[in-house]
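Single-structure report; data block below.
The values are calculated or read from the model by the stated rules, or taken from the named source; none is laboratory data. In this text, all values refer to a predicted model and were calculated from it rather than measured experimentally. We place every Cβ from the backbone using ideal geometry, glycine too, and count neighbours over all the protein chains shown. Heavy atoms of the whole protein, side chains included, go into the accessibility calculation; ligands, DNA and RNA do not. Shrake-Rupley method; radii C 1.70, N 1.55, O 1.52, S 1.80 Å.
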Amino acid sequence: AQTVTQSQPEMSVQEAETVTLSCTYDTSESDYYLFWYKQPPSRQMILVIRQEAYKQQNATENRFSVNFQKAAKSFSLKISDSQLGDAAMYFCAYRSALYNNNDMRFGAGTRLTVKP
Amino acid sequence: DTGVSQDPRHKITKRGQNVTFRCDPISEHNRLYWYRQTLGQGPEFLTYFQNEAQLEKSRLLSDRFSAERPKGSFSTLEIQRTEQGDSAMYLCASSRDSNQPQHFGDGTRLSIL
C-alpha cells in the first residue's frame with residue numbers, strides 16, 4: 001500500500017523568506033499524481049500545487065514550487081517570499097493514476113508558522 | 001463554481017445516536033469523495049462515488065456507516081449508533097473526473113458526548 005510521510009510536524013519561517021517542506025512516499029506504481037494541499041485553521045483544504053509523475057519538469061504556481069525526485073520518491077514544497085497568509089497546515093498527498101483507484105493518501109501534515 | 005458545500009458545519013450528539021451529513025459537490029463534478037480527519041492527522045479516505053454509483057469503500061467504513069448519492073448530485077453520509085471514536089472532521093470533496101484535482105468542502109465536525 002502507498003504511504004506518505006511528512007517528517008516535519010512543525011516549521012516556521014520569517015516573512016519574505018523561503019521555506020521548504022519535505023514529503024516522501026512509498027509506491028510500486030510508475031504512474032501517479034502528487035499534491036500539496038493547504039488547510040488554514042478552521043478553513044477548507046485548498047489545492048496548492050499538483051505534479052504528474054510522468055512529467056520530469058517540476059511544477060510551479062507563482063511563489064510555490066516543488067522538487068520532485070521520482071527515483072528518491074521525494075516531493076518537497078518550496079514557498080518563496082513567505083507571507084502571513086501562508087500560515088496553515090500543509091498536507092502532501094498521493095493518488096494512483098489507475099482509473100478505478102481514487103484512494104488519495106495524505107501525510108500527517110506540517111504546520112507552518114510565518115513570523116512577521 | 002460555488003464550491004463544495006457541507007451541512008451542518010458542526011454536529012454534537014450523544015453516543016448511540018444516529019447522525020447524517022450532507023455534501024453538495026461542485027455542479028457537473030461526477031466524482032464525490034468522503035474523508036475522515038482526526039486531530040493532528042491528514043484526511044483518510046472513506047468512500048467515493050462516480051455519479052450515483054458507489055465504486056469504492058475503505059475498510060474504515062464499518063457497517064455503521066452508509067453513504068448515498070441518489071441522483072448523482074448531493075450525497076449523504078449516515079453514521080448509526082455513534083461511538084466516541086467517530087468524533088472527527090468529515091470532509092467531502094468532488095472532482096470533474098478521475099484525472100482532475102479534488103476540491104474540498106469546509107467539513108462537518110462531529111463531536112460525540
Ignoring ligands and nucleic acids, B:THR2 exposes an accessible area, probe 1.4 Å, in Å² to the nearest 10, of 140 Å²
Per residue, accessible area of chain B with a 1.4 Å probe, heavy atoms of protein chains only, in Å², comes to 50 Å²
In units of 2.2 N^0.38 Å, the Cα radius of gyration of the protein assembly as shown is 1.02
With a 1.4 angstrom probe the carbon and sulfur portion of accessible area for the protein assembly as shown, in percent, totals 43 percent
Too long for a 27 Å Cα-Cα cut-off, among A:LYS38/B:LYS57; A:LYS38/A:LYS70; A:LYS38/B:LYS71; B:LYS11/B:LYS57; A:LYS55/A:LYS78, are A:LYS38/B:LYS71
The Cα radius of gyration of chain B, divided by 2.2 N^0.38 Å with N its residue count, comes to 0.99
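Under a point-charge model restricted to the Cβ atoms of Lys and Arg (+1) and Asp and Glu (-1), what is the dipole moment magnitude of the range B:4-101 relative to its Cα centre, in debye to the nearest 20?
Numbers: 14 positive and 12 negative charges, 58 e Å.
Dipole size: approximately 280 debye.
Looking at the range A:54-111, which trypsin sites (Lys or Arg not before Pro) are in a loop (DSSP not H, G, I, E or B) and have at most 11 other Cβ atoms within 10 Å? If you can, show how the numbers build up before the last one.
On the way: sites: A:LYS55, A:ARG63, A:LYS70, A:LYS73, A:LYS78, A:ARG95, A:ARG105, A:ARG111; in loops: A:LYS55, A:ARG63, A:LYS70, A:LYS73.
Passing sites in the range A:54-111 are A:LYS55.
Give me the summed buried accessible area for the B-A pair, 1.4 Å probe, to the nearest 100 Å².
Working: alone 6530 and 6650 Å², together 11430 Å².
Using a 1.4 Å probe, the pair buries roughly 1700 Å².
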Rg/Rh of the range A:1-115 (Cα atoms, Kirkwood Rh), to two decimals, equals 0.96
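Averaged over peptide B:102-111, how many Cβ atoms belonging to another chain are found within 10 Å of each residue's Cβ? Intermediate values should be presented prior to the final figure.
Details: counts 8, 4, 6, 2, 4, 5, 0, 1, 0, 0.
Partner-chain Cβ atoms within 10 Å, mean over residues of B:102-111: 3.
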Computed over chain A, protein heavy atoms only, probe 1.4 angstrom, the accessible area per residue in square angstrom equals 50 Å²
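Check each of the GluC sites (Glu not before Pro) in the range B:37-75 and keep only those in coil by DSSP with at most 15 other C-beta atoms within 10 angstrom; list them in order.
On the way: sites: B:GLU44, B:GLU52, B:GLU56, B:GLU68; in loops: B:GLU52.
Filter output for the range B:37-75: B:GLU52.
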